[in-house]
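Quick notes on the structure that follows.
The values are calculated or read from the model by the stated rules, or taken from the named source; none is laboratory data. Note that this is a predicted model, so its numbers are computed, not measured. For neighbour counting, all protein chains shown are included, and Cβ atoms are generated from backbone atoms with ideal geometry for every residue, glycine included. Note: areas computed on protein heavy atoms with side chains; ligands, DNA, RNA excluded. Shrake-Rupley method; radii C 1.70, N 1.55, O 1.52, S 1.80 Å.
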Amino acid sequence: MGSGSSSNSGGAYSVPGHRNSILANASGRKFSAITFGSTNATAQPWLDLSEPHYEFLLHAYRLNHIFVELHEASDLCFGKGKKKKGLEVENICQQQQLLQAEGMNTIEKLLTSARFEKDGFNARVKKAFEKAEVGDANELLFDSDGASMKVEGMDVSYQRLTTFRVSDTSDQNNNDNDNARSILDVVKTIVVLENTQQVLKFITAFKSDSEMKILSLKNNMQKEDRSATDVFDVYRSLVMHVDFNGHVCELQIHLDKFLGRKTELESHKKFFLAHYGSVKNDALLSKMSIFSMFSSAGNNKFPPDPSFQDFEQLLRANLVSKDVNNVEGLKDLCGKANMNAPALKVQAQQRLLELSEIKKNVDFIEYFGKMGVAMSLVNAEKFEDAETMLRSSLCGYLKKHGAANDETRDVVRKLTHVLQNLAKHADAEVFLRSEWHFEKLYLEAAKDDSERKRTALALQLEIARCCMSQGRSKYAEAEKICRENMNLKDKYLAPDNNDDDLVCVLETVLELAQTLEARLHPDGEEGLNAALLKEAESNYKRVLANYERFLGADNAKTNSVVQSLARLYSKSKGRLKDAEKFYRRAWENLETAKGEEDKECLKVLYNLIHVLVRGEKFVEGLGLAKKCVDLNVKVYGVDEQFKVDHKETKDAKQQLELIEKVIAAGGGGGLEGEDANEVDGEREKRKSQQDLIREYRTTVQPNTFKNFADFKFEDEDDLCINE
């Protein structure tokens with residue numbers, strides 16, 4: 001690809017001389033040695049979804065499903081549409097506040113009246129059921145909780161709730177008259193019906209009962225814009241207050257469509273409150289517009305209780321949709337603020353670009369020209385401009401040739417290379433996986449072309465490196481890919497008989513070792529860390545032995561593996577001698593090959609001193625620390641912009657300063673093994689030295705890895721502890 005070389009900027013781990021991206025050398029290469037069939041063949045979109053994504057999708061889908069369902073029910077209730085008639089129930093308002101009769105001026109008197117009147121009130125409600133013919137009264141079955149019945153295929157519930165509301169204990173003790181008389185729902189009955197026709201019939205029958213005097217009636221079912229104030233508010237009801245034998249009773253009439261969703265909506269509200277940190281209505285209403293993709297045209301057959309596979313099928317269908325709104329909704333749904341599915345978002349963005357290019361109806365020759373301009377930009381290392389050109393060009397090539405065509409795939413490889421240089425590793429991974437789809441097809445059909453097999457398998461390994469560059473959340477995925485790559489190389493290559501195949505296998509072994517090392521975590525399970533260390537060490541040693549045999553002990557690639565082993569050992573207090581041995585070897589090799597002023601050589605020297613200090617070899621470390629400072633000053637000089645030492649020089653000086661402090665406090669050759677016969681003064685001196693060491697370990701870090709901590713190998717002694 002011209003002079004544009006693969007970059008590792010933003011990567012989690014880098015081994016000098018090791019990462020030679022196959023994509024950087026892919027320019028002009030034709031990969032198809034077999035026929036894939038139709039030129040329109042394409043890779044199945046890679047979704048990269050996990051259980052949390054599924055949970056989010058399920059809540060979003062169900063919330064949207066209920067929202068649509070309730071709005072449809074609302075239309076029926078409130079008469080939207082030419083032929084639909086709304087629920088015509090007039091409110092009956094009381095001019096003054098409703099109160100119980102003056103004789104019920106204490107809680108005790110109110111409860112006595114309620115116990116006496118409740119059965120009679122329930123009987124009148126039952127009579128209204130009979131008269132309204134919303135169900136056969138003889139089939140109305142009461143149970144201890146209230147009642148439930150099933151009449152003529154319709155679910156109708158009839159429930160009686162009794163509550164006692166007292167503002168506080170003092171009110172009850174003082175028998176506050178106003179408080180007692182203001183309680184109107186000690187006798188309260190809730191009726192849940194299926195539709196507005198049943199509601200109208202029931203109200204008509206109830207009004208005709210001469211023993212019932214309706215004092216107030218409030219039709220909350222007419223609040224058709226209720227969701228504008230609260231997305232989760234489906235509490236639509238018709239509330240009556242009725243005078244029955246001088247006792248004010250409450251009757252609530254609900255529609256099953258609304259009340260039946262209350263519990264589920266509370267579950268969704270709890271989920272989105274935790275996910276978004278708030279449930280402000282305006283924000284949630286904007287989310288509802290995103291979730292509406294689930295109810296758009298073509299999705300009407302989606303099951304009410306979808307599985308993970310149902311969602312995957314729906315998402316893949318949306319990725320090839322010609323409906324811009326659908327794809328826009330999918331892109332927004334996958335954003336960080338919502339589902340946070342970067343792989344899916346990348347593909348949705350590319351699909352939107354494709355739809356935009358289709359509308360332009362541009363001749364293919366223009367896309368061909370863009371490809372040439374993009375290559376010139378890559379050669380000039382103007383990667384951002386090159387990315388724009390290549391993405392647009394890819395749309396034209398896909399339209400003209402299809403995804404499986406060599407020329408289209410060449411555009412994909414060039415785009416991936418550019419994305420890696422821009423540290424857009426999540427985007428690059430999507431396109432790499434698309435390429436791997438075709439390479440895997442080749443492997444399954446390949447015969448004797450070993451070089452072609454190695455090229456295909458190298459691309460899969462590039463996916464693992466791409467995962468590593470995205471941070472800790474992708475390390476486990478990188479390890480999985482490395483192991484799969486190892487299995488495929490065992491299947492398709494012959495490392496015992498072919499040196500090129502062996503080198504190809506060793507690349508995977510080395511990548512797996514780096515991945516295992518990266519997965520070490522200070523807060524991780526001790527047994528897991530020990531297993532990771534042991535396997536990483538074994539893999540590094542395997543690569544080192546073969547590199548020494550094929551490339552020589554002083555080769556740059558060999559030396560990079562030596563540094564990797566030193567770094568691994570330095571993470572365990574019980575293996576500091578091994579770390580010192582390998583860092584010293586790497587430093588001496590670099591000093592011989594590149595000279596002591598080489599920047600990589602200086603970093604290795606710095607790390608060697610760090611290991612010596614951790615092993616409490618302060619006198620030995622002192623001389624090297626002075627040399628390290630002098631060389632850093634000479635090589636890096638002073639930062640011209642800020643007129644201060646470069647970071648490398650500053651770190652080296654800090655390292656030397658703390659070593660000198662420890663030696664001044666009495667820490668000469670080492671502090672191992674506290675003497676039981678130490679006098680108090682010596683113990684104080686030793687404590688001061690140890691405090692300085694702790695200060696050193698928390699302020700001065702090695703140059704090759706972050707988050708320093710000790711990890712334990714399976715076979716090391718008890719001196720190693722997590723710090």
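Below is a table of values for the structure above.
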read-out: Pairs, first over 14 Å from L605 (Cβ atoms) in the stretch 629-647, second buried (at least 16 other Cβ atoms within 10 Å of the Cβ), C-beta under 6 Å, six or more apart; value: D639/H646; H646/Y636
read-out: Any hit, the stretch 424-445, residues being free of Cβ contacts under 8 Å to residues at least 60 places away in the same chain, touching a Phe, Trp or Tyr at 6+ places or on another chain (Cβ under 8 Å) and either open to solvent by 30 Å² or more (accessible area, probe 1.4 Å) or not aliphatic (A, V, I, L, M) (or both); value: no
read-out: In the stretch 74-90, the residues that are surrounded by 12 or more Cβ atoms within 10 Å (Cβ to Cβ) and either of a type in the set (S, T, Y) or modelled with pLDDT of 65 or more (or both); value: S74, V89
read-out: Condition check for A545: out of contact with any helix residue (DSSP H, G or I) (no Cβ under 6 Å at 6 or more places or on another chain), in a helix (DSSP H, G or I) and within 28 Å of E451 (Cα to Cα); value: yes
read-out: Identity of the residue in the stretch 102-138, within 19 Å of L217 (Cα to Cα) and over 54 Å from the mean Cα position of the chain (by Cα), that ends up modelled with the lowest pLDDT; value: A132
read-out: Residue selected from the stretch 643-666 under the condition within 42 Å of the chain's Cα centre (by Cα) and outside any helix (DSSP H, G or I), by the criterion surrounded by the most Cβ atoms within 10 Å (Cβ to Cβ); value: D645
read-out: Failed item, numbered, when A556 is tested on (1) farther than 29 Å from L459 by Cβ; (2) open to solvent by 10 Å² or more (accessible area, probe 1.4 Å); value: (1)
read-out: Boolean, Y492 is surrounded by fewer than 20 Cβ atoms within 10 Å (Cβ to Cβ) and among the aromatic types (F, W, Y); value: yes
read-out: Entirely in the stretch 336-442, the helices (runs of 4 or more DSSP H) that have 2 or more residues that are out of contact with any Cys (no Cβ under 8 Å at 6 or more places or on another chain), under 30 Å from G277 (Cβ atoms) and polar (S, T, N, Q); value: 342-360
read-out: Pick from the stretch 515-531, criterion in a helix (DSSP H, G or I) and in contact (Cβ under 8 Å) with a residue 24 or more places away in the chain, ranking: surrounded by the most Cβ atoms within 10 Å (Cβ to Cβ); value: T515
read-out: Residue check for D323: in contact (Cβ under 8 Å) with a residue 12 or more places away in the chain and open to solvent by 50 Å² or more (accessible area, probe 1.4 Å); value: yes
